[in-house]
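Some notes on the structure that comes next.
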Amino acid sequence: ETVRNRNPKLKTTAQVNGQKVVTMGEDGKVSDTIKYEDFEKGTEVFVRLEIAKYGTEEVVGTYETTAKVDESGELVVDASTLNTKDLPEGKYVLFETVFEVKDGKPTDKVISKERDPKNEDQSFEIKKPEGELPKTGAIALGSLTIVGLSALAGAGVLVIKRKKK
């Protein structure tokens, strides 16, 4: 009798554009590499990926797809509709649930589930571009600078007029 391991050991890695850190506002596509051990190659599975705020269960995006485990035992899921472009600055974690597929349709049978809100391998960070001022602060600072320069110019004109008289 052949015994198949239905609960494979997994090694997973979440990345955005192939990196762990993405600049806020960039077109950042999420990908998840799932490495199976002792799992039948070519198996079709249904994968649900969820982006959550790091350290919480608060899901801010979901992607689902059917995919096949390749010959090396890896499954790379490029979540084409999960885009980090509009997410606020912060740290995020990727949850994944892999379901069995029978007759081309996903079943409720869970093959594996990774839902650790503090999993560093499944986390990524979104940062503001360096040198960018906070939006509200930049407007206030700019207004104060203009007012200050106007006051200095006005004072300079008054001093010049007094010296002429």
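A few points about this structure:
- Pair Gln19, Thr97: separation of 7 Å Cα→Cβ label points (nm): 3.3
- Taking 0.36 nm per residue of separation and subtracting the current Cα-Cα distance, fully stretching the chain between Lys68 and Lys113 would add 14.5 nm.
- Too-long pairs where the Cα-Cα distance tops 21 Å, listed order kept, from Lys20/Lys128; Lys20/Lys41; Lys29/Lys105; Lys20/Lys105: Lys20/Lys41; Lys29/Lys105; Lys20/Lys105
- Probe 1.4 Å - accessible area at Lys127, Å² to nearest ten: 90
- The stretch between Glu125 and Val59 holds 22.2 nm of extra length on full extension. This uses 0.36 nm per residue minus the Cα-Cα distance.
- The aspartates and glutamates within cross-link reach of Lys118, meaning a Cα-to-Cα straight distance under 18 Å and a gap of 8 or more places when in the same chain, are Asp32, Glu50, Glu57, Glu58, Glu89, Glu96.
- The HN-Hα couplings worked out from phi for region 29-34 by the Karplus form 6.51 cos²θ - 1.76 cosθ + 1.60 (θ = phi - 60°) are 8, 8, 9, 10, 9, 10 Hz, whole numbers, x standing for Gly and Pro.
The values are calculated or read from the model by the stated rules, or taken from the named source; none is laboratory data. All of these numbers come straight from a predicted model, not from anything done at the bench. No Cβ is skipped: glycine too gets one built from the backbone with ideal geometry, and neighbour counts run over all protein chains shown. Note: areas computed on protein heavy atoms with side chains; ligands, DNA, RNA excluded. Shrake-Rupley method; radii C 1.70, N 1.55, O 1.52, S 1.80 Å.
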